[in-house]
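Any read-out appearing in this document is the output of simple, stated calculations on the displayed coordinates, not a laboratory observation. Please read these numbers as outputs of a predicted model, since none were measured by experiment. Here the Cβ positions follow ideal geometry from the backbone for every residue, glycine too, while neighbour counts run over all protein chains shown.
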Amino acid sequence: MSTFDDRERGFEKKFALDQEQEFKAHARRNRALGEWAAGLMGLQAPHVEEYAKAVIKSDFELPGDEDVLRKVFEDLKGAGVAVSEGEVRMKMAELLAQAREGVKAGK
């Protein structure tokens, strides 16, 4: 094997690891976002977990974060919670940063 092949395999492994960590961070963010939204809607213990799982599932509908944003924002609006789309976007960004740190730290 040449040095080039070794480097190529190393880059491929790093890319795969980065993608896996990003996937985990998004799933963690979505769970936290669901829990946050459930709290705003006044949901209680068993329903909080169900709602968080529904938010995680909503991320598989379309590429990107718009499906998650749409679900959470519409659910909050439907529950009568006064929150703007911008506030939900900011919370998503905040929770994603926290999730990325947690994944990197191995938590």
Only one of Arg100, Arg70 is of a type in the set (D, E, K, R), assigned to a helix (DSSP H, G or I) and closer than 22 Å to Leu17 by Cβ, namely Arg100
Residues of the stretch 71-88 being within 16 Å of the chain's Cα centre (by Cα) and closer than 13 Å to Gly34 by Cα, in sequence order, are Lys71, Val72, Phe73, Val88
Considering every residue within the stretch 54-70, establish whether at least one is among the small types (Gly, Ala, Ser), within 15 Å of the chain's Cα centre (by Cα), surrounded by 11 or more Cβ atoms within 10 Å (Cβ to Cβ) and at negative phi.
yes
*Filter pass, Arg9 being of a type in the set (Lys, Arg) and either within 18 Å of Leu96 (Cβ to Cβ) or within 15 Å of the chain's Cα centre (by Cα) (or both)*: no
